[in-house]
Amino acid sequence: MQIYGSSNVHGAQGIQGPHYNRTNAPSQADRPSQAATDQLDISPAAEAATQANENQDFRSDTVARIRAEIAAGTYDSTERLAAAVDGMLDKLG
């Protein structure tokens, strides 16, 4: 149904209404010679995450200790902060 203002109401129309532009199917000359193929690009970060997940060569005892220290509030210390700042400054040059 199309409504044009408050006084012009038209009844139901077909799906292919009066403004439908029917296009012809593409001819063989217009079609590409090869079928379209899908492509998947994986970022280096995603590849690294996948490899890390597959390897599972992490030290679970160290992870558990650090998680416990973070939960207890004892992981952050002035010595660790100083070491992190020194390492960052060394990398910056």
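Looking at the range 67-93 only, could you name the residues that are small (G, A, S), exposed (fewer than 10 other Cβ atoms within 10 Å of the Cβ) and not in a helix (DSSP H, G or I)? The answer is G73, G93. Criterion applied to A35, A64 was being at pLDDT 90 or above, under 37 Å from the mean Cα position of the chain (by Cα) and either open to solvent by 100 Å² or more (accessible area, probe 1.4 Å) or at negative phi (or both), and the one residue passing it is A64.
The values are calculated or read from the model by the stated rules, or taken from the named source; none is laboratory data. Quick caveat: nothing in here was measured; it's all calculated off a predicted structure. Positions of Cβ are backbone-derived with ideal geometry, glycine not excepted, and every protein chain shown enters the neighbour counts. Quick note on the areas: whole protein, heavy atoms, side chains included, nothing else; ligands and nucleic acids left out. Shrake-Rupley method; radii C 1.70, N 1.55, O 1.52, S 1.80 Å.
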